[in-house]
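Asker: Pasting a structure below so you can have a look.
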Amino acid sequence: MTEQHKKQISKFLSLILRHQPEKIGLTLDENGWALVNDILEKSKLQFTLEELNEVVITNDKQRFSFNADKTKIRANQGHSLKTVDLNLEAQIPPRFLYHGTVPKFIPKIKSQGLKKMNRQHVHLSKDRDTAIKVGSRRGKPVILSIRALDMYNNGHQFFISNNGVWLTDTVPFEFIDF
Ligand code: HQG
């Protein structure tokens, strides 16, 4: 399987499992799971169960998970769909977490803090290198340090996705070191 084909399938899965399942007439349950067979049947992009397996296992960010008997699949984070509840357990965060962004957003972030924008959560990284990668998707990255444990001690909840992304509802500007 070529890297290009894998990437194409990964992008397609992100679209239907995070944002627009209706694009192919797919339904997700309340926890974001879709039936694997449904996806194989309804997808306009052609791929086999073996290829789907390979995409899930080798995915650079481990974006997707199967359930125990591998009949269902879901995205580990990144949803814009308001109805999906991943049922993640609240966690105590480390002292610092990081957010990669780009210069043009800094003035707004300075006044409003970090907002979840189109997604269900603000996404934070456990280390600077990961945050650099996230920011680089949009241009020259700027890395913000978030005083996560302080936030937690002030009543903010944190979650960690299956693939290690830290999630929270909003980051007020006073917890951000610019
Ligand atoms: C910015 C990818 C203006 C924020 C990544 C970001 C991640 C504000 C953008 C995951 C703002 C939202 C999520 C405010 C935040 N004013 N701009 N008040 N607050 N922003 O894509 O964190 O490859 O929704 O800095 O690796 O960039 O898809 O969030 O630049 O883990 O699996 O608004 O998506 O993963 O952008 O990325 P996004 P993100 P995948």
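Asker: D for region 97-177, whole µm²/s, Stokes-Einstein with Kirkwood Rh over alpha-carbon pairs at 4 °C and 1.567 mPa s: what number?
Answerer: Details: Rh = 12.6 Å.
Reported coefficient: 103 µm²/s.
Asker: Related question: Post the alpha-carbon centroid distance, region 24-85 to region 136-178, in whole angstrom.
Answerer: What the calculation gives is 27 Å, centre to centre.
Asker: Could you tell me which of the pairs Lys82/Lys133; Lys6/Lys126; Lys7/Lys133; Lys11/Lys133 are separated by over 22 angstrom between their Cα atoms in the structure shown? Intermediate results must be reported in sequence, preceding the final value.
Answerer: On the way: Lys82/Lys133 26 Å; Lys6/Lys126 26 Å; Lys7/Lys133 17 Å; Lys11/Lys133 17 Å.
Cα-Cα > 22 Å for Lys82/Lys133; Lys6/Lys126; rest within.
Asker: Right, here's the next one. Could you work out the equivalent-ellipsoid semi-axes for the chain, taking the square root of 5 times each eigenvalue of the Cα gyration tensor, largest first, in whole Å?
Answerer: On the way: eigenvalues 196, 62, 41 Å².
Over the Cα atoms of the chain, the semi-axes work out to 31, 18, 14 Å.
Asker: Kindly express, to the nearest 10 degrees and within the range 0 to 90, the angle between helix 49-58's C-alpha long axis and the longest C-alpha principal axis of the chain.
Answerer: Computed tilt is about 20 degrees.
Asker: Treat every Asp and Glu Cβ in the chain as -1 and every Lys and Arg Cβ as +1, leave all other atoms uncharged, and give the resulting dipole magnitude about the Cα centre to the nearest 20 debye. It would help to have the intermediate numbers written out before the result.
Answerer: Numbers: 27 positive and 19 negative charges, 181 e Å.
With Lys and Arg at +1 and Asp and Glu at -1, about 860 debye.
Asker: Mind listing which trypsin sites (Lys or Arg not before Pro) in region 17-49 are in a DSSP loop and have 13 or fewer other Cβ atoms within 10 Å? Walk me through the numbers on the way to the answer.
Answerer: Values: sites: Arg18, Lys23, Lys42, Lys44; in loops: Lys44.
The qualifying sites are Lys44.
Asker: Next question, about the same structure. Within the chain, what's the longest stretch lacking GluC sites (Glu not before Pro) that sit in DSSP loops with no more than 12 other Cβ atoms inside 10 Å?
Answerer: That gives 90-178 as the longest site-free run.
Asker: For Gln62, enumerate residues with amide H under 5 Å from its amide H, sequence gap 5+ or separate chain, H modeled in the peptide plane.
Answerer: Answer set, sorted by chain and number: none.
Asker: Can you tell which of Pro94, Ser10, Val36 lies farthest toward the positive end of the dipole of region 1-118, using +1 and -1 charges on the Cβ of basic and acidic side chains (Lys, Arg; Asp, Glu)?
Answerer: Pro94
Throughout, read-outs are computed from the coordinates displayed, never taken from laboratory work. Please read these numbers as outputs of a predicted model, since none were measured by experiment. With ideal geometry, Cβ positions are generated from the backbone for all residues, glycine too; neighbour counts draw on all protein chains shown.
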